[in-house]
1. If we scan the stretch 76-86, do we find a residue that is assigned to a helix (DSSP H, G or I) and surrounded by fewer than 18 Cβ atoms within 10 Å (Cβ to Cβ)?
2. Touching a helix residue (DSSP H, G or I) at 6+ places or on another chain (Cβ under 6 Å), surrounded by 11 or more Cβ atoms within 10 Å (Cβ to Cβ) and modelled with pLDDT under 85: does that describe LEU94?
3. Have a look at THR69, THR104 and point out the one that is of a type in the set (S, T, N, Q) and either in a strand (DSSP E or B) or within 22 Å of THR5 (Cα to Cα) (or both).
4. For residues that are in contact (Cβ under 8 Å) with a residue 12 or more places away in the chain and part of a loop (DSSP other than H, G, I, E, B), scanning just the stretch 149-185, find the one that is nearest to ASP137 (Cα to Cα).
5. Residues to consider are GLY129, GLY117; find the one that is of a type outside the set (D, E, K, R), loosely packed, with under 15 Cβ neighbours inside 10 Å, out of contact with any Lys or Arg (no Cβ under 6 Å at 6 or more places or on another chain) and modelled with pLDDT under 80.
6. Kindly indicate whether LYS22 is among the charged types (D, E, K, R), exposed (fewer than 13 other Cβ atoms within 10 Å of the Cβ) and assigned by TED's automatic domain parsing to the domain that holds VAL102.
7. Looking only at the stretch 32-54, which residues are loosely packed, with under 14 Cβ neighbours inside 10 Å, farther than 15 Å from LEU72 by Cβ and either of a type in the set (A, V, I, L, M, F, W, C) or over 20 Å from the mean Cα position of the chain (by Cα) (or both)?
8. Only one residue in ILE50, ILE59, ILE86 is among the aliphatic types (A, V, I, L, M) and more than 22 Å from GLN20 (Cβ to Cβ), so which one is that?
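The values are calculated or read from the model by the stated rules, or taken from the named source; none is laboratory data. As the structure is a prediction and not an experimental result, all values here were calculated from the model. Reconstructed Cβ throughout: ideal geometry from the backbone, glycine too, with neighbour counts over all protein chains shown.
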Amino acid sequence: MKTSTTITKLMPSLTKALSQIKSIKKDAENPFLKNKYISLDNILESAKPIMASNDIAIIQTINNDGVETFLLHSSGEWLSSGILLIAAQESKGLSLAQSMGVATTYAKRYQLGSMIGINADEDTDGQHGDNNGFKPDTREWLNAGANMTAAKEAITSGKFTIADVEKKYKLNDATRAELTAIKTK
């Protein structure tokens, strides 16, 4: 986030404006993920009058570096989101120009939502797809005790390898070194 040299006049106005922004209705639906979100138009329609009544303008600029959102106070003080670039790609029947429009709107919506304290999307982490490939590691740590004894015996007898043990347990460096040092029969 970037600011003008001073923001002593902007911040009281911004604080007052943010306290006046109430929940904004999620008015759009992502056809692929089936989740609801607040459109950029709805954010602007809800926020602009409140910001204006507190002497703040919302400006969003687009250039080759990306999108930047500014909150400008009538005093000349300002607050910027910094630049956000979301790479556009041709996909799903969209031309590169159309994809750039989608990416630009997405960046504008998220920047402005973040700056005025609203969540533009439903919280759907983990509910759709494979969560971008992220799967929590639910394995237990292999520590001293019965499981460690059993693992050592299985490796010593040649029944299991360290890789087999790692399928069931997480190993720290010391445990891995201890298992590696075992001589198999």
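1. So the first thing to find is which residues in the stretch 76-86 are assigned to a helix (DSSP H, G or I), and the list is none.
No, the stretch 76-86 contains no residue that is assigned to a helix (DSSP H, G or I) and surrounded by fewer than 18 Cβ atoms within 10 Å (Cβ to Cβ).
2. Working: touching a helix residue (DSSP H, G or I) at 6+ places or on another chain (Cβ under 6 Å): no; surrounded by 11 or more Cβ atoms within 10 Å (Cβ to Cβ): yes; modelled with pLDDT under 85: yes.
When the stated conditions are applied, LEU94 does not pass them.
3. On the way: THR104 fails: either in a strand (DSSP E or B) or within 22 Å of THR5 (Cα to Cα) (or both).
Among THR69, THR104, only THR69 is of a type in the set (S, T, N, Q) and either in a strand (DSSP E or B) or within 22 Å of THR5 (Cα to Cα) (or both).
4. LEU171
5. On the way: GLY117 fails: modelled with pLDDT under 80.
Result: GLY129 is the single residue among GLY129, GLY117 that is of a type outside the set (D, E, K, R), loosely packed, with under 15 Cβ neighbours inside 10 Å, out of contact with any Lys or Arg (no Cβ under 6 Å at 6 or more places or on another chain) and modelled with pLDDT under 80.
6. Working: among the charged types (D, E, K, R): yes; exposed (fewer than 13 other Cβ atoms within 10 Å of the Cβ): yes; assigned by TED's automatic domain parsing to the domain that holds VAL102: yes.
Against the criterion (among the charged types (D, E, K, R), exposed (fewer than 13 other Cβ atoms within 10 Å of the Cβ) and assigned by TED's automatic domain parsing to the domain that holds VAL102), LYS22 qualifies.
7. Hits for the stretch 32-54 are PHE32, ASP41, GLU45, PRO49.
8. Working: ILE50 fails: more than 22 Å from GLN20 (Cβ to Cβ); ILE59 fails: more than 22 Å from GLN20 (Cβ to Cβ).
Just one listed residue meets the conditions, ILE86.
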